[in-house]
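Structure record follows, encoded as structure tokens.
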Amino acid sequence: MYSEPRFLPAGERALVVEFGDEIAPEINARLRALTAALEAAPVPGVVEVVPTYRSLLVHFDPLTVAPEALEERLAHLAGNLGELKLPEPEVTVVPVCYGGEFGPDLPFVCEHTGLSAEEVIRIHTGTDYLIYMLGFTPGFSYLGGMDERIATPRLKTPRTKIPAGSVGIAGKQTGIYPIDSPGGWQLIGRTPLKLYDPFREPPVLLAAGNYVRFTAVTNEEYDAIAAQVAAGTYRVQVEPKGEGRGA
């Protein structure tokens, strides 16, 4: 992590605030704190902020605020983030039916890692994953912390359509496809939860800074949860970080 954030111009209307050059929880926490500070006390001229793994992209109106003045203001905020109290993180429990039609690539993951399906599932469900950021498609969460024992390369040829809710592995990452979309991750299971619903408030289920915990369910349990989700009666399990299993 840098001792001081770096400020990099991104055209005439945006500024990148960079906190480090690696993917690390403490770096991500710094940029989320700056995001929260800007949300709590908006800076005139700032029109949008886009958090990433290790930097924050700040879009601004140059007719309202000059880039030099904005950088000075952001540097001041970044230097006083210790005074800001972030919300305590929460863990969203995501039920997943592994293998079979929902996880057609689980056999390949087993072959590549030398592990049994039960071992892959046990390892995949044994960690609370930090949500670093959202992107790619609406509600797609970039998760950190996957055990490298189940790391598996992407498909050589991506699929043109992956069903919403599919859970995959790509290299050292794992994630959930929130909507039907193309993709090249190895699919190991599927959740009946809707990670993105434009008719729900908020439409995106997960938020950066919180955690995801996968839990294995049977086909029958998957169908029952899917029916409740469709009826709008399913209550997503969310608990404070620190309760239940540790990270």
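The values are calculated or read from the model by the stated rules, or taken from the named source; none is laboratory data. Keep in mind that this is a model prediction, so the values were computed, not measured. Cβ coordinates were reconstructed from backbone atoms using ideal geometry, including for glycine residues, and neighbour counts include every protein chain displayed. Each accessible area value is taken on the protein alone, full model and side chains, heavy atoms only, with ligands, DNA and RNA left out. Shrake-Rupley method; radii C 1.70, N 1.55, O 1.52, S 1.80 Å.
Averaging sequence separations of C-alpha pairs under 8 Å and six or more residues apart, then dividing by the length of the chain, give the relative contact order as a whole percent. Mind showing how you got there, number by number?
On the way: 498 pairs, mean separation 49.3, N = 247.
It rounds to 20 percent for the chain.
What number comes out for accessible area per residue over the range 46-179 if the probe is 1.4 Å? Units Å², please.
On the way: 6500 Å² over 134 residues.
On a per-residue basis, 49 Å².
For the range 149-221, which whole percent of the accessible surface, found with a 1.4 angstrom probe, sits on carbon and sulfur atoms?
Details: 1870 of 3420 Å².
It is 55 percent, rounded to a whole number.
Applying the Karplus parametrisation 6.51 cos²θ - 1.76 cosθ + 1.60 with θ = phi - 60° to the phi angles of the range 218-231, what ³J(HN,Hα) value in whole Hz is obtained for each residue in order, glycine and proline being reported as x?
7, 4, 5, 5, 4, 4, 5, 5, 4, 5, 5, 4, 5, 7
Applying the Karplus parametrisation 6.51 cos²θ - 1.76 cosθ + 1.60 with θ = phi - 60° to the phi angles of the range 155-172, what ³J(HN,Hα) value in whole Hz is obtained for each residue in order, glycine and proline being reported as x?
Going residue by residue, I get 4, 5, 10, x, 7, 7, 8, 10, x, 4, x, 5, 10, x, 10, 9, x, 9 Hz, with x marking Gly and Pro.
Can you tell me the FRET efficiency between H59 and R149 if r is taken as the Cβ-Cβ distance and R0 is 51 Å, rounded to the nearest 0.05?
Numbers: r = 40 Å, r/R0 = 0.79.
That gives a FRET efficiency of 0.80.
If r is the Cβ-Cβ distance from Q237 to N80 and R0 is 35 Å, what FRET efficiency results, to the nearest 0.05? All intermediate terms of the calculation are to be shown ahead of the outcome.
Values: r = 36 Å, r/R0 = 1.03.
Efficiency, from the Cβ-Cβ distance: 0.45.
How much of the accessible area of the range 1-74, probe 1.4 Å, is carbon plus sulfur, in whole percent? All intermediate terms of the calculation are to be shown ahead of the outcome.
On the way: 2150 of 4030 Å².
The C+S portion of the solvent-accessible surface of the range 1-74 is 53 percent.
Work out the count of Lys pairs in the chain where the Cα-Cα distance is under 25 Å, with the pair 8 or more places apart or on different chains. Can you show the working numbers first?
Numbers: K85/K241; K156/K172; K161/K172; K161/K194; K172/K194; K172/K241; K194/K241.
Lysine pairs meeting the criterion: 7.
Looking at the chain, what % of the alpha carbon pairs are farther apart than 23 Å?
On the way: 16675 of 30381 pairs.
Counting every Cα pair in the chain, those more than 23 Å apart make up 55 percent.
With point charges of +1 on the Cβ of Lys and Arg and -1 on the Cβ of Asp and Glu, referenced to the Cα centre of the range 98-234, which listed residue (G232, Y129, Y222) lies farthest in the positive direction of the dipole?
With unit charges placed on the Cβ atoms, the residue in question is Y129.
FRET efficiency for E220 and I23, Cβ-Cβ distance as r, R0 = 41 Å, nearest 0.05?
Details: r = 38 Å, r/R0 = 0.92.
For R0 = 41 Å, the calculated efficiency reads 0.60.
When all alpha-carbon pairs of the range 78-204 are counted, what percent fall beyond 18 Å?
Tail of the P(r) past 18 Å holds 54 percent of the pairs.
So if I take the alpha carbon set of the range 10-52, get Rg, then get Rh from the Kirkwood formula, what is the Rg over Rh ratio?
Radius of gyration relative to Kirkwood radius: 0.98.
Over the alpha-carbon set of the range 187-232, divide Rg by the Kirkwood Rh and report the Rg/Rh ratio to two decimals. List each step's numbers first, then the result.
Numbers: Rg = 12.0 Å, Rh = 12.1 Å.
Checking Rg against Rh, the ratio lands at 0.99.
DSSP loop chymotrypsin sites (Phe, Trp or Tyr not before Pro) in the range 1-81 with at most 15 other Cβ atoms within 10 Å of their Cβ, which ones?
Numbers: sites: Y2, F7, F19, Y53, F60; in loops: Y2, F19, Y53.
Listed in order of number, the matching sites are Y2.
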